[in-house]
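Take a look at the structure set out below.
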Amino acid sequence: MYSIIYLSLSVIVIVFVFYLIYSIRLKEKRRKGMELIRLNFKVNINMNILFAVSFLILSILMIYILYGAISKSYVPFKGKYIDSFFQIFDDAYINSLREYFLNNNMVGQLLVTVQYLMDIPQHVFLAVFMISFSIFYFYVGFKQNIIYEDGIFINSTLHKWDGILGFDWGELHEKENKAYYDLTVNLPKLYDLNVDKKLRINAEDRDKIDEILVANIVKA
């Protein structure tokens with residue numbers, strides 16, 4: 001039963017993540033005619049990138065743990081008791097193995113089977129979960145920020161003009177023959193937490209973007 005549950009959860013996570021990505025792409029496609037300017041393509045180091053890296057590291061760790069669990073259980077049984085890796089999700093077959101080992105006093109094989117049944121489906125689910133959300137956050141983090149007629153699209157979230165409190169320009173920076181300004185978009189606090197968005201704007205785009213921000217945020 002647990003194997004089927006974890007397999008179902010894995011499928012749900014994959015479908016959910018790809019649904020989120022599809023919905024973002026669909027919303028962006030529908031708003032294409034409302035686009036005013038795309039912000040610099042160079043990716044800002046944002047929380048989404050940090051989340052993506054964290055999930056990636058955890059997924060690598062989980063794959064390593066999964067490999068260890070498979071080595072201890074699947075490999076010794078392969079060819080003798082188990083013919084396919086996907087049999088770990090066949091509860092009826094695994095339970096029949098457990099009953100066989102129990103009835104024949106095969107204690108060592110019984111312990112391996114119980115551990116196998118408990119650990120591997122769970123580790124597979126956790127690995128799928130980590131990898132899926134790593135893909136999602138990398139996708140969101142690498143999305144180009146866009147200013148539309150009715151708001152700013154930052155990391156795949158649209159912040160409408162009437163929900164933006166203000167903005168602040170930072171100093172001019174020059175790095176690797178690139179000049180850019182820091183731009184802070186002020187948003188309402190969420191449960192007393194600061195959720196302002198900090199962006200890097202190409203120096204040549206500053207005046208045009210400032211004109212758009214002044215025209216919309218000051219009026220709002």
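The values are calculated or read from the model by the stated rules, or taken from the named source; none is laboratory data. Just so we're clear, the structure is a prediction, and the values are computed from it rather than from any experiment. Note that each Cβ is placed from the backbone with ideal geometry, even for glycine, and that neighbours are counted across all protein chains shown.
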Checking the structure you have, find out if any residue of segment 98-105 is aromatic (Phe, Trp, Tyr) and under 23 Å from residue 14 (Cβ atoms). no
Look through 208, 189 and report the one residue that is surrounded by fewer than 16 Cβ atoms within 10 Å (Cβ to Cβ), under 22 Å from residue 48 (Cβ atoms) and charged (D, E, K, R). 189
Return the residues of segment 10-39 that are closer than 19 Å to residue 146 by Cα and not hydrophobic (A, V, I, L, M, F, W, C); say none if nothing qualifies. 22, 23, 25, 27, 28, 29, 30, 31, 32, 33, 35, 38
Top-ranked residue in segment 32-81 [being among the polar types (S, T, N, Q) and at pLDDT below 75; ranked as farthest from residue 204 (Cα to Cα)]: 73
